[in-house]
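Just passing along the structure, written as structure tokens.
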Amino acid sequence: MTELTKTETVDGLDPNRWRALLVIAIASLMVVLDASIVNIALPSAQKALHITNANRQWVVTAYSLAFGSLLLLGGRIADFVGRKKIFIIGLIGFAGASALGGIASTQAMLFGSRALQGAFGALLAPAALSLINVTFTVPKERAKAFGVYGAISGGGAAIGLILGGTLTEYANWRWCLGVNVPIALIAVLLAIPFIKESHAEGNRSYDIPGAITATLGLVSLVYGFSQAATKGWLKSGTYEFFILAAVLLIAFILIQTQVKNPLMPLRVLNDRNRGGSYLATLLVGTGLFAMFLFLSIYMQSFLHYSSLRSGFAFLPFSMGVILFAGVAAQLLPKVGPRPLMVTGLVGASAGLLLLSRITPTSSYTTHLLPAMVLMSTSMALFFIPSASTGLHNAGLHDAGVASAMINTSQQIGGSLGAALLNTVAISSATAFAKGHTSLGAQTQAYAAVHGFSTAFKFGAGFLFLGALVSFFMINIGKESLVESETGALI
């Protein structure tokens, strides 16, 4: 239940709800901005801090792993302590971690700051999404709010790509992290008057053992992937981490069945539509996130684009998400979530397959642009209905943890995907180089691009699996997008 305030009107609607959405959108802008900026800045940061190819994925993975593994706990903290309060704390902490990353002098310091960003992001993101869910209680307004949220997130990616390219080329890659500070301060100042506090009722205990086992299990799994890139899958120093990950993650599941207030309540997963949405989102994160890492390296290393030009080269992807987020928001109440989610993921999978055809001499116009346009417009059709479906019938008590599960699925998928597909790319490149020594001086270039191409094919497979999950598990239709007594979508 939300707390009544002096600003609440007779009809029960928060008069500041659209101003609150603006603040939430700014915060989301900061998070998305940071992710896209880092992808553009990565080649420069890798060179400056002498980061190896095997370790470069940790710039992405350290953030997404901390973010994803702590999101469930962050969602519960937001529910119990207060969504507005945790939203503001997340903003301030995210800005501080960004500033620390901007002055990093070693790769370890950069990885650590990225993990710290992820930890505060784990407070910020579920609070933001659950604030939308509890602030907008009218179905049509909520659909519009999610549409704005998705469009601003896409816009943040576009701004981040261009701003990241500009800062990297004309200033320094370090400014790509420091830019979060003023954005966070603006959001904090606006959040204080415009966002209304809300809490969940009931048991307010925290599942600390669950948080520890989930986090350590996922870290072990991702580290095992990174070790496989250099040592091999079945070598000592690799498989032990996979065994440890399995033990810890099984322990996590067992803990969830025993504790009174679990980190990941099975009731949140038991609904087929929510569960299907989370699983599809995880598969999307696994298949899609690494694309930006590889394309940024490809553009700057093989197309010889500057950082700024690389940022503009990604712009069609971001614009496609922005434009079609609005289309998806309009179509959702008319056709329901499943047709949009399936169509979107099939189209995005086809886009990655197109991208896998690149060579060291490919053209941006003929090979990269068509694939990016297809993927962006397709993914917009998935993002909006999956966010709505992930909150299906969650109720106010579980709004935070249900919101966290959406982000958790995406970020865990992204961290696993970055580690796994980076390993696939490196292993494939190594095998190609050994078998094509006749290429002479061009061997390494062709091998590297072959590795990227193989990773794109794997990514396409994950997206197609997501389409199958959406087809078989999502069964709510447009007539079900109505309001329940608890204020959640049913």
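For LYS144, list the lysines whose Cα falls under 22 Å from its own Cα; do not include residues on the same chain fewer than 8 positions away.
The qualifying lysines are LYS84, LYS196, LYS334, LYS478.
How large are Rg and Dmax for segment 207-262 when calculated on the C-alpha trace, in angstrom?
Every Cα atom of segment 207-262 included, Rg and Dmax give 12.9, 42 Å.
DSSP loop (so not H, G, I, E, B), at most 14 other Cβ within 10 Å: list which trypsin sites (Lys or Arg not before Pro) in segment 243-307 pass both filters.
Within segment 243-307, the qualifying trypsin sites (Lys or Arg not before Pro) (loop, at most 14 other Cβ atoms within 10 Å) are LYS260.
Tell me the mean residue ellipticity at 222 nm calculated for the chain from its helices only (DSSP H runs of n ≥ 4, each -39500 (n - 2.57), averaged over every residue, nearest 500).
-26500 deg cm²/dmol
Using R₀ = 41 Å, calculate the FRET efficiency as 1/(1 + (r/R₀)^6) where r is the Cβ-Cβ separation of VAL138 and TYR170; round to 0.05.
Calculated value: 0.35.
We did not get these values from a lab; they are worked out from the coordinates using the rules stated. As the structure is a computational prediction, the values presented were derived from the model and not from experiment. Methodologically, a virtual Cβ is constructed for each residue, glycine included, from the backbone with ideal geometry; neighbour enumeration extends over all protein chains shown.
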